[in-house]
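All of the numbers you see were taken from the coordinates with simple rules; none came from a lab. Everything numeric here is computed off the predicted structure, so don't read it as measured data. Ideal geometry is used to build each Cβ from the backbone, glycine not excepted, and the neighbour counts take in all protein chains shown.
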Amino acid sequence: MKLAHAYNEAGEWMPGFDALFPEKGKIPHGFTFAEIPQPCWRPVFMNGKWVETATEEEKNPFIPSPPPSIEEQLAEKDREIRRLQAQNEQINADIAGLMDALIESGVL
């Protein structure tokens with residue numbers, strides 16, 4: 001007995017329907033002893049052999065990067081807070097300089 005792979009009218013492999021048949025003799029239509037190459041994501045039986053029909057996107061799907069950990073998020077927030085504090089200090093120094101200039105010129 002040998003495992004025969006099942007395929008439908010379009011030649012698409014039908015997992016779960018493979019069956020054992022005697023190695024000698026005829027096997028029913030829709031079955032083949034031809035081995036499915038590995039890896040094979042979407043095999044189709046054409047012209048006596050299995051052909052891979054999966055697209056590159058199906059074979060190598062995009063896997064998004066995991067979100068940053070809580071520690072990484074906190075570190076990023078801390079850097080942003082320090083950047084904003086430095087920016088705020090610069091703005092306050094600029095305002096103080098403008099106020100001094102206005103007072104010295106007699107405008108205020």
- Among the residues of the range 31-55, write down those that are loosely packed, with under 14 Cβ neighbours inside 10 Å and not acidic (Asp, Glu). PHE33, PRO37, GLN38, PRO39, TRP41, ARG42, MET46, ASN47, GLY48, LYS49, VAL51, THR55
- Query: Which one is farthest from GLU52 (Cα to Cα) among residues in the range 2-40 that are polar (S, T, N, Q) and in a loop (DSSP other than H, G, I, E, B)?
  - Reply: ASN8
- Task: Considering (1) surrounded by 10 or more Cβ atoms within 10 Å (Cβ to Cβ); (2) not in a helix (DSSP H, G or I), say which one ILE103 fails and leave the rest.
- Result: (2)
- Task: Might you check whether a residue that is within 25 Å of ASN60 (Cβ to Cβ) and surrounded by 16 or more Cβ atoms within 10 Å (Cβ to Cβ) occurs anywhere in the range 9-24?
- Result: yes
- Say whether the condition of being assigned to a loop (DSSP other than H, G, I, E, B) and of a type outside the set (A, V, I, L, M) is met by at least one residue in the range 52-59. yes
